[in-house]
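To keep things clear, I will list the structure first and then write my remarks on it.
Every number in this text was worked out from the coordinates using simple rules, so none of it is lab data. Since we're looking at a predicted model, the values are computed, not measured. In this analysis, Cβ positions are derived from the backbone assuming ideal geometry, glycine residues included, and neighbour counts consider all displayed protein chains.
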Amino acid sequence: MEKKIFIQEILPLRPRLLAYAESLMDNRDDAEDIAQEVLLKLWSMKEELSVYNSVLALSLKITKNLCLNALKYRADRHVDMETLKEKTDESTLSPYSILEQKDNLQQVNQIIERLSGLQQAVLKMKHVEGLEIDEIALITGSTLEAVRMNLSRARKRVKTLFYKITK
């Protein structure tokens, strides 16, 4: 699909995607982000869009999945914070341990930000958004093997850099 056709056929779907995302999310800014992400995913899939009977149905499905992933991630983070609070309340973790965990998490996030664009995207899709490898391959337009390879390289790089920082 050429850029001109994409602009004529896909970009006009944005208001509908935004409205759908807003109906699923409780925050307009999050819905805006998701609508934008859907358009980016469709752009990355532009060569394969002709295979689908309905690009609108595909885009709505992607929107729904991204919204559900965002809500799940938000809920998981909330549960993790509650668990951390419970552990702190139970005095099983020392203030030093809590601080150390937060510092380690911050360092890992900084390392992830330094990865190449594709490795960073694949790692976040897998571990933050909770997508499966075949879904990532579909979204990125890569093969399953390429996704696995990039995911493996990203994990190895994060691990290597984290150990260099902490030693």
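See the values below:
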{"item": "By average C-beta atoms within 10 angstrom, highest first, the peptides 98-105, 33-40", "result": "33-40, 98-105"}
{"item": "Two-site label geometry, Lys3 and Arg153: point separation in nm, points 7 Å out along Cα→Cβ", "result": "2.7 nm"}
{"item": "Extended-chain gain in nm, criterion 0.36 nm per residue less alpha-carbon gap, Leu11 and Leu40", "result": "9.4 nm"}
{"item": "Whole-angstrom Cα spans of segment 116-162 along principal axes, big to small", "result": "30, 19, 15"}
{"item": "Contour excess over end-to-end distance, with Cα ends at Glu113 and Lys61 and 0.36 nm allotted per residue", "result": "15.9 nm"}
{"item": "log10 of Debye I(q)/I(0), alpha-carbon scatterers only, for the chain at 0.14, 0.15, 0.16 Å⁻¹", "result": "-0.87, -0.96, -1.05"}
{"item": "Charge context of Ile133, other residues only, Cβ under 11 angstrom, K/R +1, D/E -1", "result": "-2"}
{"item": "Greater than 20 Å apart at Cα, pairs in Lys126/Lys164; Lys72/Lys126; Lys3/Lys61; Lys3/Lys126; Lys41/Lys126", "result": "Lys126/Lys164; Lys3/Lys61; Lys3/Lys126"}
{"item": "Cβ-based net charge around Met149, under 12 Å, with every Lys or Arg adding one and every Asp or Glu removing one", "result": "+3"}
